[in-house]
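The values are calculated or read from the model by the stated rules, or taken from the named source; none is laboratory data. This is a predicted model, so every value here is computed, not measured. Cβ placement follows ideal geometry from the backbone for every residue including glycine, while neighbour counts extend to all protein chains displayed. Please note that ligands, DNA and RNA were not included when accessible areas were found on the heavy atoms of the full protein model with its side chains. Shrake-Rupley method; radii C 1.70, N 1.55, O 1.52, S 1.80 Å.
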Amino acid sequence: MSRQTICLHVVSISFMHVLSIYLFVSGFFLTRYELTDLSSCESNPLDLFRASEPAAAAGTGKKRNSGECWTPQPRFKKVVVLLIDALRSDFAHFEGVLPPAAPRAQKGQKRATASGPKTFYLNHLPVFRKKLIEKRSQSRLYRFDADPPTVTMQRLKGLITGGLPTFIDFKDNFGTNTYIEEDNLILQMKNQGKKIVFMGDDTWTTLFDPEKFFVRSYPYPSFDVKDLHTVDNGIRHHLIPEMNQSRGEWDVIIAHFLGVDHCGHRFGPNHPEMASKLDEMNGVVERVLEEADEDTLVAVFGDHGMNPYGDHGGASDLEVGSALFLYSGGKPLYSTGQEGPAKLRDLAPSLVRKRVSQIDLVPSLSLLLGLPIPYGNLGRIIPELFFHPPKPPKHGFGWGMLQSKAYTRDTVCESMLSLEPVIVATRMNAFQTLRYITSYDKSSGGLDRALLENLNALFRKSEHAYNTSGIERMWDVCKGGEGAPTLSESDLAESVKILQSYTKYLDENMRAFRIMWTQFDLVSMGWSIALAFVTVLCSYVRAAMLHRPDLPKSADALGVISSSAFNFAACGCVALGIARWQGINVGHFKLAHGLACFALLNSCYFLFRGCQLLGPRTSKGSSSISPGEGVRSGGPPSTANIE
């Protein structure tokens, strides 16, 4: 075989390897464009679309009052965010009957087994249950679902921007210069003059410049997973004194605790140290809730959960499920009992949920605090936080709306006015996401046309229903005390349909982009695996053709076949976990990385063997063999040429 033929073989095999890797990477490492556009009080998305489509907005020309930012008066002036890293959803629940107590771990025990008793993390946050009973109208507990990858950096980005993470950002967890360039909740707070105080995990200082965004900051190092107390103790030292500042020196306090997460990594969730750490967190949360005044909203949540071994990063139910607890220091957070979710459940059952997506917190907090929703948000508001009874009308008839399911004309008005803030906020949310999708489509080179048309059709349907229903006129009539003789239960049903229509648009929007940015392209990855397999066959054939009678055939083929096989195994390992989806975790990445490194070494060995075969061969007393000459192998000269 000539030197040129073997070189062509090496080039073709290398090209097939590169193409296989490219297909796999394009299907696995999903990417998205980051837009730098910013929301502002002056750029209300409703006003922008009214200006571009005046005909579609006929009859919806309500003017905002001076000082309003997207929505009327904010319900809260201040917020305290307690982020307990790895606060798994079941950590926050209360179990009436506990399983038998487990024996205390011996000194030096590192991790608990996955099948061990679960008593060490149950019922150690009783403050949530206490407030849900004693302050029902001021408290709400949700399961808080994250999107994979469940690593802190990506979860923080999602919680701040309202966007969806991608696996290409996984590397950011180990970076040093990862300032967020997209519009986000912290930037909106700063732009609206909020004074932000930060304390805890120093990951935040890699996302935001402390001198630019925080009036005071107390960061602590986060990478020593054996250290369960330094970060948490530092927060406890500063948190309550900061809350007690009486001169208006803060509007937002962010405290990011790390002890629970580090305890999980070091010992696992089923360990006495976890019980101790959760007891400590319970005391901190209880003290903060006591200090919160009537203008303060307290949000306690986790960024992700942990698996039975205390690890996270994948998409298993335990890893994506964290807890969200919201508490109002004085005013009702939402209407309770007969006047809240129970009635909203009667009006629109699909809108009352016990679990919400993590990115849903971004638009909800934004509007509750009177801020613009970040430009790239894909989350939707939590409806029941905006559902509350209206003030009594001018004519003063009694509100009996929720004491009976039998509607009267009076109760229709009350129901419609209770739904008004939900519909207004949901519609604003829908316009904001439409603006983002339109901008993203222009900047990214185009989204899937069928997907875009489907989403636009849902939005147009919602707007058509809103514009033709005369719902704003009905709200004005009810507020003027003239609704009793004019409105009926059918008007209320129409209002509910409008709300459900906007909600469906937001849900479909989130689902579509979640598929685009967080679910793998298995077709591309399948072609990658197929091409890798073809490469194995080609390598074997070429290795056989490289055989010379004076060399063992197995020696020629070994490098090529083992190299291709290990490349194939590296792709297959990750692909197998992806196909199962729930099995994706850091272990798959580590195994694939190890196999890929070994494949690289084998590829180098193959190239080395190829160079040996290409080089001239000499022996004692003989001259070098040139192409076209026979090869002696201990017998008579061969007349066959090597081709």
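Can you confirm whether residue 50 is open to solvent by less than 90 Å² (accessible area, probe 1.4 Å), in a loop (DSSP other than H, G, I, E, B) and modelled with pLDDT under 75?
Details: open to solvent by less than 90 Å² (accessible area, probe 1.4 Å): yes; in a loop (DSSP other than H, G, I, E, B): no; modelled with pLDDT under 75: yes.
In short, no.
Please name all residue pairs, on different chains or six or more residues apart, with Cβ atoms under 6 Å, provided the first residue is in region 305-320 and is farther than 15 Å from residue 155 by Cβ and the second residue is open to solvent by less than 30 Å² (accessible area, probe 1.4 Å) and at pLDDT below 90.
307/316
Each row is one residue, and each column tells you yes or no for (1) over 24 Å from residue 262 (Cα atoms); (2) open to solvent by less than 10 Å² (accessible area, probe 1.4 Å); (3) at pLDDT 85 or above.
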{"position": "103", "(1), (2), (3)": "no, no, no"}
{"position": "145", "(1), (2), (3)": "no, no, yes"}
{"position": "169", "(1), (2), (3)": "no, no, no"}
{"position": "178", "(1), (2), (3)": "no, no, no"}
{"position": "192", "(1), (2), (3)": "yes, no, yes"}
{"position": "201", "(1), (2), (3)": "no, yes, yes"}
{"position": "216", "(1), (2), (3)": "yes, no, yes"}
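Check region 436-449 and report whether any residue there is at pLDDT below 95, open to solvent by less than 20 Å² (accessible area, probe 1.4 Å), closer than 17 Å to residue 379 by Cα and touching a helix residue (DSSP H, G or I) at 6+ places or on another chain (Cβ under 8 Å).
The answer is yes, given that some residue of region 436-449 is at pLDDT below 95, open to solvent by less than 20 Å² (accessible area, probe 1.4 Å), closer than 17 Å to residue 379 by Cα and touching a helix residue (DSSP H, G or I) at 6+ places or on another chain (Cβ under 8 Å).
Quick one: in region 218-236, of everything that is out of contact with any strand residue (DSSP E or B) (no Cβ under 8 Å at 6 or more places or on another chain) and not hydrophobic (A, V, I, L, M, F, W, C), which residue is least open to solvent (accessible area, probe 1.4 Å)? Let's see the steps before the verdict.
Within region 218-236, the subset out of contact with any strand residue (DSSP E or B) (no Cβ under 8 Å at 6 or more places or on another chain) is 221, 223-229, 233, 236.
Add one more test, that the residue is not hydrophobic (A, V, I, L, M, F, W, C), and what stays is 221, 224, 226-227, 229, 233, 236.
On the way: 221: 93, 224: 89, 226: 143, 227: 51, 229: 83, 233: 74, 236: 118 Å².
Among them, the one singled out is 227.
I'd like the residue in region 487-528 that is within 27 Å of residue 24 (Cβ to Cβ) and over 16 Å from the mean Cα position of the chain (by Cα) and, out of all such residues, is surrounded by the fewest Cβ atoms within 10 Å (Cβ to Cβ).
523
Determine if region 67-84 includes at least one residue that is open to solvent by 20 Å² or more (accessible area, probe 1.4 Å), modelled with pLDDT under 95 and more than 35 Å from the chain's Cα centre (by Cα).
no
Among the numbered conditions (1) in a helix (DSSP H, G or I); (2) among the basic types (Lys, Arg); (3) at pLDDT below 80, tell me where residue 107 comes up short.
Of the numbered conditions (1) in a helix (DSSP H, G or I); (2) among the basic types (Lys, Arg); (3) at pLDDT below 80, the odd one out for residue 107 is (1).
For region 291-305, does any single residue satisfy the condition of being within 27 Å of residue 364 (Cα to Cα), assigned to a helix (DSSP H, G or I) and either hydrophobic (A, V, I, L, M, F, W, C) or open to solvent by 30 Å² or more (accessible area, probe 1.4 Å) (or both)?
Among the residues of region 291-305, at least one is within 27 Å of residue 364 (Cα to Cα), assigned to a helix (DSSP H, G or I) and either hydrophobic (A, V, I, L, M, F, W, C) or open to solvent by 30 Å² or more (accessible area, probe 1.4 Å) (or both), which makes the answer yes.
Checking residue 264 against (1) within 23 Å of the chain's Cα centre (by Cα); (2) without any contact (Cβ under 8 Å) to a residue 40 or more places away in the chain, only one condition comes out false. Which one?
(2)
Which pairs do you get when a residue that is more than 18 Å from residue 360 (Cα to Cα), found in region 130-157, comes within reach of a residue that is surrounded by fewer than 18 Cβ atoms within 10 Å (Cβ to Cβ) and among the basic types (Lys, Arg), reach meaning Cβ atoms under 9 angstrom, with the pair 6+ apart or on two chains?
137/331; 138/331
For residue 422, indicate whether it is modelled with pLDDT of 90 or more and buried (at least 21 other Cβ atoms within 10 Å of the Cβ).
yes
Here are 64, 129: which of them is modelled with pLDDT under 90 and surrounded by fewer than 17 Cβ atoms within 10 Å (Cβ to Cβ)?
After ruling out the rest, the residue left standing is 64.
Do we have residue 284 as at pLDDT 95 or above, closer than 22 Å to residue 78 by Cα and open to solvent by 10 Å² or more (accessible area, probe 1.4 Å) here? Before you say what the answer is, go through the steps one by one.
Numbers: at pLDDT 95 or above: yes; closer than 22 Å to residue 78 by Cα: yes; open to solvent by 10 Å² or more (accessible area, probe 1.4 Å): yes.
The answer is yes for residue 284.
Just one of 312, 271 is under 22 Å from residue 89 (Cβ atoms), at pLDDT below 95, buried (at least 19 other Cβ atoms within 10 Å of the Cβ) and under 19 Å from the mean Cα position of the chain (by Cα); which is it?
312
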